[in-house]
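**Q** Before anything else, here's the structure in question.
The values are calculated or read from the model by the stated rules, or taken from the named source; none is laboratory data. Small disclaimer: the values here were computed from a predicted structure and weren't measured. Note: ideal-geometry Cβ built from the backbone for every residue, glycine included; neighbour counts use all protein chains shown.
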């Protein structure tokens with residue numbers, strides 16, 4: 001089981017780009033658990049010590065806002081995130097109809113424009129079922145799937161995108 005640092009007992013509020021985050025777990029990373037993403041196949045694999053635990057369908061970035069390959073790590077874990085749309089000047093309340101779904105795990109924040117890239121749920125499961133290139137660069141998962149992954153990973157878990 002995961003060990004919480006003392007700081008994790010305190011709920012932290014933070015602002016992380018265009019998504020308001022509340023840190024629900026600040027955990028020590030376990031190197032055995034890893035997230036691997038195939039942009040070509042459009043699947044996310046949850047791995048433990050290199051062995052596949054489970055495979056999940058995903059939607060990736062649209063051609064005009066691609067998901068960038070690389071090696072990253074989970075920066076935060078956010079349960080029931082609140083999404084703010086800069087283009088619509090609207091706050092979407094937490095829940096399954098929130099554009100980022102019910103869980104949000106940022107893995108990269110751009111130094112150039114401050115944009116945050118994350119593994120998250122979605123209000124549009126059809127795009128995930130189609131394994132479409134439809135997001136703004138994030139990795140979208142079905143809400144039920146992202147809850148499973150969220151519960152298995154920790155802050156610091158590697159995210160390998162190929």
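**Q** Which ones in the stretch 81-91 are surrounded by fewer than 17 Cβ atoms within 10 Å (Cβ to Cβ) and in contact with a strand residue (DSSP E or B) (Cβ under 9 Å, 6 or more places away or on another chain)?
**A** Once the filter is applied, which keeps residues that are surrounded by fewer than 17 Cβ atoms within 10 Å (Cβ to Cβ) and in contact with a strand residue (DSSP E or B) (Cβ under 9 Å, 6 or more places away or on another chain), the stretch 81-91 yields 84, 85, 90, 91.
**Q** Hey, another quick one. Does residue 134 qualify as being surrounded by 15 or more Cβ atoms within 10 Å (Cβ to Cβ) and outside any loop (DSSP other than H, G, I, E, B)?
**A** Answer is yes for this residue.
**Q** Residue 100 fails exactly one of the following numbered conditions: (1) surrounded by fewer than 18 Cβ atoms within 10 Å (Cβ to Cβ); (2) at pLDDT below 95; (3) within 20 Å of residue 134 (Cα to Cα); (4) within 14 Å of the chain's Cα centre (by Cα). What is the number of that condition?
**A** Residue 100 satisfies all of (1) surrounded by fewer than 18 Cβ atoms within 10 Å (Cβ to Cβ); (2) at pLDDT below 95; (3) within 20 Å of residue 134 (Cα to Cα); (4) within 14 Å of the chain's Cα centre (by Cα) except (1).
**Q** While we're here: Being surrounded by fewer than 17 Cβ atoms within 10 Å (Cβ to Cβ) and either closer than 15 Å to residue 150 by Cα or out of contact with any strand residue (DSSP E or B) (no Cβ under 8 Å at 6 or more places or on another chain) (or both) is the filter here; which residues of the stretch 51-60 pass it?
**A** Listed by number, the residues that qualify are 51, 53, 54, 55.
**Q** I need every pair where a residue in the stretch 134-148 that is without any contact (Cβ under 8 Å) to a residue 60 or more places away in the chain has its Cβ under 6 Å from the Cβ of a residue that is outside any helix (DSSP H, G or I) and surrounded by fewer than 18 Cβ atoms within 10 Å (Cβ to Cβ), sequence separation at least 6 or different chains.
**A** That search, which allows pairs on different chains as well, returns 143/96.
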